[in-house]
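Visitor: Got a structure for you, questions after.
The values are calculated or read from the model by the stated rules, or taken from the named source; none is laboratory data. Values in this document were obtained by computation on a predicted structure and should not be read as measured data. Heads up, the Cβs are rebuilt from the backbone with ideal geometry, glycines too, and the neighbour counts pull from every protein chain shown. Just so you know, the surface numbers come from the protein's heavy atoms only, side chains and all, with ligands and any DNA or RNA stripped out. Shrake-Rupley method; radii C 1.70, N 1.55, O 1.52, S 1.80 Å.
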Amino acid sequence: MIELPDLVAGGLAAGTLSALALGGGLLRLRRQQTRQRAEIAALRTQLDGSLKAFTAEVEHLASRRVPAAAQQVAHPHLAVPGPLQPLTAGTPFGIALENVLLALQSEVASQRTRVDAAAQAGMRGATREIQAALYRLQDALRQLQQRYDEPELAQTLFQLDHENEQSLRRAQVAAVVCGAWVGLAREESHLVDAVTGGQARLAGYRRVEVHNHLEPGTALVSHAVEPVAVIVAELLDNALRHSAPDTEVVVSLEHVHHGVCVTIDDAGLGMTRDERDRAQRLVAGDTPILLTDLGDPPRMGLAAIGRLTRQFDLAVDVSSASPYGGVRAVLRVDSHLLSRLDPADRPPAPSAPRTTRRSVPAAPAPAPAPAHAYGTEDAVPDAPGHRTPTDEDGLPQRRRRPRPAVAATATGPSTAPGPARPPRRPEEAAAALGALQTGTAAARAGAAPAGAARPAAHDTDQTDQISHTDHTGHTGHTDDEGGAAR
């Protein structure tokens, strides 16, 4: 039987053990709580750091990367800054940020194209109205030129007509840049006439010197005449604007293997490498043209050239320097855009420079003639020891038999009718009249005192009736626009 003291001692021992176990458990729990608090504090600190880093990355995205990405749409050479923390690259967070930039650039490009298309449509409508008014003014001026022949009034009308042509050129180039058709339908014309026509549309046309080395009769097909004239006018305008007023711009027309090249050299300042590369991109016409890319105010000349080269399968190169120190621009017209006109039936304009080449027409085969007919050319037998003349191929040539002189009768000279002079064609009469007007205007300009205004030249051939047909179906006369700049 257990005694009471033993029982009390056992209870106390059991209580002590229980208290010790409970105290140990409480101590372990307290240590665990302390460790958990430390871990929670560390996680909270890490979370605060991540939140700050995320906030800084988003702020960097909004303040630096998004504007740069939007600007890169218009200026591809600009670089977009990377993330603040390079370690985020490749992570889901970094990939998400890059997707934001790509989506932004895509939407900016889409909206930019839409807004620019609306602006171009508005400008097309405005230039159409301006062109129509200028066409009417041009018709009125030309009617006045035909009606009045007073020298001073004629000189004033010529000056007004030339100013009107320059305004037409600017309006036409603006319309071409905005996607409108070139606006002219012409018949086949001599290529030199298209070049001088583009020259006549400029204020400084007197500084242009054209050297024609083409075969006589080299012409353009009808749909290529006006585009070539517009391109030449814009290239010449660039050359005149960026060269000293006391220098000349030299134009050379040469045959090449696949067609004809029109080379324009100026003695200006030239272009830097970046400017030359940008100009070459514009004239190539490979990339879409937006008005916002053309500066303020827009410089449309090279952009119009790019539109025309792409539409009419022409080629322009401005990547080389001129031997005179400026820029060399080369327009190449391939063979499928070339034609041929008989210079005798349709000669070039009287003001066009004459070609340095001479055509050698093939000798026609002699027609059979009846024996002993009057005026026939019979072969004369050669005398012994006389060498028969030969041509370049070594073939014998026929010699003309001398005709007996017709003796005058007592009543006077022979009344046999001479060869009838063919009647003058309208084109010849018009060309003669144009040459007379040009010479008269030049003589007046030379006799005018220093500082007096000189009469302006006209387009390719003033005597040709040029019909204008735009996409609205209206007809009239026209020229084109400029404002080109490098």
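Visitor: What list of ³J(HN,Hα) values in whole Hz, one per residue of the range 289-295 in order, does the Karplus curve 6.51 cos²θ - 1.76 cosθ + 1.60 (θ = phi - 60°) give from phi, with Gly and Pro shown as x?
Guide: Once rounded to whole Hz, the list reads 9, 10, 4, 5, 8, 9, x.
Visitor: Given the Cα-Cα distance of Ala321 and Leu47 and 0.36 nm per residue of separation, how much length would full extension add, in nm?
Guide: Answer, rounded to one decimal: 92.4 nm.
Visitor: Please compute the contact order of the range 1-90 in relative form: average sequence separation of alpha-carbon pairs under 8 Å and at least six residues apart, divided by the residue count, as a percent.
Guide: Averaging sequence separation for qualifying contacts and normalising by length gives 18 percent for the range 1-90.
Visitor: How much of the accessible area of the range 209-306, probe 1.4 Å, is carbon plus sulfur, in whole percent?
Guide: 51
Visitor: So, counting K/R as plus one and D/E as minus one, what does the shell of residues with Cβ under 14 Å around Thr113 add up to?
Guide: Residues near Thr113 contribute -1 overall.
Visitor: May I pose another question? Per-residue HN-Hα couplings for the range 205-218, Karplus 6.51 cos²θ - 1.76 cosθ + 1.60 at θ = phi - 60°, whole Hz, x for Gly and Pro?
Guide: 4, 5, 7, 8, 10, 9, 10, 9, 10, 8, 5, x, x, 5
Visitor: Order the peptides 307-320, 110-123, 213-226 from the highest to the lowest mean number of other Cβ atoms within 10 Å of their residues.
Guide: 213-226, 307-320, 110-123
Visitor: Here is a follow-up. Just to check I understand the Karplus step: with θ = phi - 60° and J = 6.51 cos²θ - 1.76 cosθ + 1.60, what whole-Hz values come out for the range 150-165, glycine and proline as x?
Guide: Taking θ as phi minus 60°, the curve returns 5, x, 5, 5, 4, 5, 5, 5, 4, 5, 5, 5, 5, 4, 5, 5 Hz for the range 150-165.
Visitor: Could I ask something else about it? Roughly how many Å² is the accessible area per residue of the range 214-359, as a whole number, for a 1.4 Å probe?
Guide: 46
Visitor: Using only alpha carbon pairs under 8 Å that are at least six residues apart, calculate the relative contact order of the range 202-360 and give it in whole percent.
Guide: Relative contact order for the range 202-360 comes out at 33 percent.
Visitor: Which whole-angstrom value gives the distance between the alpha carbon centres of the range 209-265 and the range 134-179?
Guide: 23
Visitor: To continue, here is another question. With a 1.4 Å probe and every protein chain kept in, tell me what percent of the accessible surface of the range 101-155 is carbon plus sulfur.
Guide: Here carbon and sulfur together make up 57 percent of the probe-accessible area.
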